[in-house]
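Beneath this line is the structure, given in structure tokens, with notes to follow.
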Amino acid sequence: MLEKSHMKLVRSLRRSVWNVQDEFGIVEEGDKILVCLSGGKDSYTMLDMLVNIQKGSELNFELIALNLDQKQPGFPEDILPRYLENYGIEYKILEKNTYKIVTEKLGENQTMCSLCSRLRRGTIYEYAREIGANKIALGHHREDVLETFFLNLFFGGKLETMPPKFLTDDEQITVIRPLIYCAEQLIQEYADLREFPIIPCNLCGSQPKMQRQMIKEMLNAWEKEYPDRKEIMMTSLKNVHPSHLLDKSSFDFKDFLTEQPIFTIKSKVL
């Protein structure tokens, strides 16, 4: 029997994911969803939350846990298969030596995240098409969304972040992010409660002066000084006024007196 504080934690996370479902319809009848499992706290939590939706809704959909073994040195190959066998869910372990490709192509001081994620994403998309999966679930949480927004703002020159769902370029697969309303700290507490067998990724986190890490520290400092700042920023991402920005493709400034505002999304966000 869970303690009262633990029940509150579980309910909070489940409520956040159900809110994403209610607002954006990330899971639909007949879906075949690949749940990407890295062995980190976020993906373990995401699997639990999607199983909760499967049990608690009238929707009929399929979940397949997927791990990509990138042949990173020291990766414990036995942990995820054993966990998923005990969990009782269909799963697949893909093996592809992207680690060798990344380390051969990049210099000593170059960050690895971008190339590593592109290679990983391409392999996962290819497998999804192979088995007829129409959706891929990724474990990005609230802080990932905010950090990406500020990375694009400060370093990319654009207002863009991680949407709750979007179509791949070939329009065959929808990528969903069930945890985007979930605070990272709550996910960490949930992972501790569930005692997930965490598999750390030392490839990216070991690199100094990562831009994302600097953004994370900035956001945490703001949150410490002004509590609830992160939640307010998340609300702002749902409250966009194109006429008060400078993007002519999103708002027709020349004809705004006679024409209705034109709001378009450049990427294939659903």
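Can you name the condition, by its number, that VAL10 falls short on among (1) at pLDDT 95 or above; (2) open to solvent by 50 Å² or more (accessible area, probe 1.4 Å)?
VAL10 satisfies every listed condition except (2).
Is it the case that some residue within segment 68-89 is under 17 Å from VAL175 (Cα atoms) and buried (at least 19 other Cβ atoms within 10 Å of the Cβ)?
As a first pass, look at segment 68-89 and keep what is under 17 Å from VAL175 (Cα atoms): 68.
When the remaining residues are screened for being buried (at least 19 other Cβ atoms within 10 Å of the Cβ), the result is 68.
Looking through segment 68-89, at least one residue is under 17 Å from VAL175 (Cα atoms) and buried (at least 19 other Cβ atoms within 10 Å of the Cβ).
The values are calculated or read from the model by the stated rules, or taken from the named source; none is laboratory data. Everything numeric here is computed off the predicted structure, so don't read it as measured data. So basically every Cβ, Gly included, is an ideal-geometry build from the backbone, and we count neighbours across all protein chains shown. Side chains included, ligands, DNA and RNA excluded: accessible areas come from the protein's heavy atoms. Shrake-Rupley method; radii C 1.70, N 1.55, O 1.52, S 1.80 Å.
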